[in-house]
Amino acid sequence: MARYRGPKSKIARKFGEPIFGPDKVFEHKNYPPGMHGLSSKRRKKSEYGLQLREKQKAKYTYGILERQFRGLFHRAQASKGVTGEVLLQLLESRLDNVVFRLGIAKTRAAARQFVSHKHIVVNGNVVNIPSYLVKPGDVIGVREKSKAMEEITDSLHSRRSTRYEWLEWANDQMAGKFLNRPERAEIPENIKEQLIVELYSK
């Protein structure tokens, strides 16, 4: 499965945000990497540079590569609604992201691994495709054989206090329901989606 395997702290420092989750290196070095990282004379980015940066941030945040990202953009473009918002809704609907949001996995990378290794079920059926788009009403849970896995139980015990309006969790069943696609204001990611739309519209 294609995914980013490079240095994560360096990328987080580039964007000035811990986009891969808690990062001790970023906490101590929350400035851009490189010999001019602390310099106030860094060259101002062009409009294209800002647009490209925002697309890269979205790709790294959700852990997908260019081909899949472009495919989701075209799908959003063909849908009703504001293209940028629909794009983020589609990204949030990916199975790996939903597993992460539910707290079954601590990171999106771990969520992708759980899905790929057949630990996750959708409506009672095993789905091992991280990019699978969950639909409103779908129930996402942990496979019966995997409910005792230390990585999963540890993640659920330390679930974030954050609750998402578009998700419903049943702890006794170790499953959650995808109620609806989230509104833009409900999505916590700091992404300027309009810049991405402008970049692809050129």
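The values are calculated or read from the model by the stated rules, or taken from the named source; none is laboratory data. Small disclaimer: the values here were computed from a predicted structure and weren't measured. Every residue, glycine as well, gets a Cβ built from its backbone with ideal geometry; the counts of neighbours run over all protein chains shown.
Please indicate, with yes or no, whether at least one residue in the range 133-154 is out of contact with any Gly (no Cβ under 7 Å at 6 or more places or on another chain), in a loop (DSSP other than H, G, I, E, B) and among the hydroxyl-bearing types (Ser, Thr, Tyr).
No, the range 133-154 has no match at all.
Taking residue 140 as the residue in question, decide whether it is assigned by TED's automatic domain parsing to the domain that holds residue 163, out of contact with any strand residue (DSSP E or B) (no Cβ under 6 Å at 6 or more places or on another chain), modelled with pLDDT of 95 or more and of a type in the set (A, V, I, L, M, F, W, C).
no
Six or more apart or on different chains, Cβ under 8 Å: which pairs go from a residue in the range 180-200 that's in a loop (DSSP other than H, G, I, E, B) to one that's of a type in the set (Phe, Trp, Tyr)? Could you list them?
Once the first residue is in a loop (DSSP other than H, G, I, E, B) and sits in the range 180-200, its partners that are of a type in the set (Phe, Trp, Tyr) give 180/166; 181/166; 182/164; 182/166.
Please specify each residue of the range 53-106 satisfying the condition of being crowded, with 16+ Cβ neighbours inside 10 Å and outside any helix (DSSP H, G or I).
Once the filter is applied, which keeps residues that are crowded, with 16+ Cβ neighbours inside 10 Å and outside any helix (DSSP H, G or I), the range 53-106 yields 63, 64, 94, 103, 104, 105, 106.
Taking the stated definitions as given, is residue 175 of a type in the set (Gly, Ala, Ser) and loosely packed, with under 14 Cβ neighbours inside 10 Å?
No, not satisfied.
With (1) of a type outside the set (D, E, K, R); (2) surrounded by 13 or more Cβ atoms within 10 Å (Cβ to Cβ); (3) modelled with pLDDT of 95 or more as the list, and residue 156 as the residue in question, which single condition is left unmet?
(3)
Please determine, by comparing only the residues of the range 159-172 that are in contact (Cβ under 8 Å) with a residue 40 or more places away in the chain and within 19 Å of residue 119 (Cα to Cα), which one is surrounded by the fewest Cβ atoms within 10 Å (Cβ to Cβ).
Among those that are in contact (Cβ under 8 Å) with a residue 40 or more places away in the chain and within 19 Å of residue 119 (Cα to Cα), it is 159.
Table: residues versus (1) out of contact with any Gly (no Cβ under 8 Å at 6 or more places or on another chain); (2) without any contact (Cβ under 8 Å) to a residue 12 or more places away in the chain; (3) not assigned by TED's automatic domain parsing to the domain that holds residue 174.
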residue	(1), (2), (3)
50	yes, no, yes
57	yes, no, yes
81	yes, yes, yes
108	no, no, no
